[in-house]
Amino acid sequence: MIIAVDGPAASGKGTLAAGLARHYGLPHLDTGLLYRAVGLAVAAYENAPEFEAKAIAAARAVDTAHLDPAVLSSAEAGALASKVAVIAEVRAALFDFQRQFATRPGGAVLDGRDIGTKIAPDADVKLFIQADSKARMERRARQFEARGQVVDRYALYHQIEQRDARDMANPNGGFYPAADAHLLDTTLLDIEAALRAAVAIVDGVMARKAKL
Ligand code: C5P
């Protein structure tokens, strides 16, 4: 079974995807880490003319075996990720690894922005996770605070809005719910409730498929 989990920054899709992977005993890939790794690798060139060429080279060389969420989860890495993510050649360089992960025997859970539309359009179940911007900011702020960081909520809110805008304008993105995606709004749900809702959707889809 392939489960695709898409949604905007800090929507809770990563936590949900990890929970679904545990629940169904499937491997999980957080595809945002790939873009974050590429973004961080070229941070020094952010405003340089060679930014694009460096990002393409970094995407072709990305070490998929060592994607460390602790290193890659900063807001800066997220912002850089969304800058390299608009480059078509970066997306192309990261495609095969994601596609191979999605199609491994036994299935997988992948989360990102374009899983249901581009990486695994054939996924068995597609979820599109939404939550309003303030709720997303507050969740991200608490994650950072749990790691001992001091958070400027106003700046964080602004960063999330900017990243949403860049992602939504990405001409190479595919960052929209697939036609057959199930929308799940987690604004008012805690993680347990969101996971229960997601499992109910997955079980419902698989039960309907089994009857066909
Ligand atoms: O999901 P996460 O916030 O870690 O993603 C960081 C950035 O990487 C996103 O804002 C987006 O620009 C990019 N991304 C992407 N395609 C994916 C996953 C992430 O373009 N499948």
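Points worth noting:
- Complete set of residues in the stretch 165-193 that are outside any helix (DSSP H, G or I), within 11 Å of the ligand (Cβ to nearest atom), open to solvent by 40 Å² or more (accessible area, probe 1.4 Å) and of a type in the set (G, A, S): A169
- Of the residues examined, D122 is not one that is at pLDDT below 95, open to solvent by 50 Å² or more (accessible area, probe 1.4 Å) and at negative phi.
- L40 vs. criteria aliphatic (A, V, I, L, M), modelled with pLDDT of 95 or more and crowded, with 20+ Cβ neighbours inside 10 Å: no
- Against the list (1) farther than 21 Å from L33 by Cα; (2) part of a strand (DSSP E or B), the condition R208 fails is (2).
- Helices (runs of 4 or more DSSP H) contained in the stretch 45-153 and holding at least 1 residues in contact with a Ser or Thr (Cβ under 7 Å, 6 or more places away or on another chain) and within 16 Å of the ligand (Cβ to nearest atom): 88-102, 133-146
- Residue in the stretch 58-78 that is modelled with pLDDT of 95 or more, touching a Phe, Trp or Tyr at 6+ places or on another chain (Cβ under 8 Å) and open to solvent by less than 10 Å² (accessible area, probe 1.4 Å) present: no
- The number of residues in the stretch 154-164 that are of a type in the set (A, V, I, L, M) and either surrounded by fewer than 16 Cβ atoms within 10 Å (Cβ to Cβ) or not in a helix (DSSP H, G or I) (or both) comes to 1.
- Condition check for T31: among the hydroxyl-bearing types (S, T, Y), touching a helix residue (DSSP H, G or I) at 6+ places or on another chain (Cβ under 6 Å) and within 11 Å of the ligand (Cβ to nearest atom): yes
- Some residue of the stretch 77-100 being closer than 23 Å to V42 by Cα and of a type in the set (S, T, Y): yes
- Selection of the stretch 82-92 for residues being surrounded by 15 or more Cβ atoms within 10 Å (Cβ to Cβ) and under 22 Å from A123 (Cβ atoms) yields A85, R91.
The values are calculated or read from the model by the stated rules, or taken from the named source; none is laboratory data. Predicted, not measured: the structure shown is a model, and the values here were computed from it. Neighbour counts run over all protein chains shown; Cβ positions are idealised from the backbone, glycine included. Side chains are part of the model used for accessible areas, which takes the heavy atoms of the whole protein and leaves out ligands, DNA and RNA. Shrake-Rupley method; radii C 1.70, N 1.55, O 1.52, S 1.80 Å.
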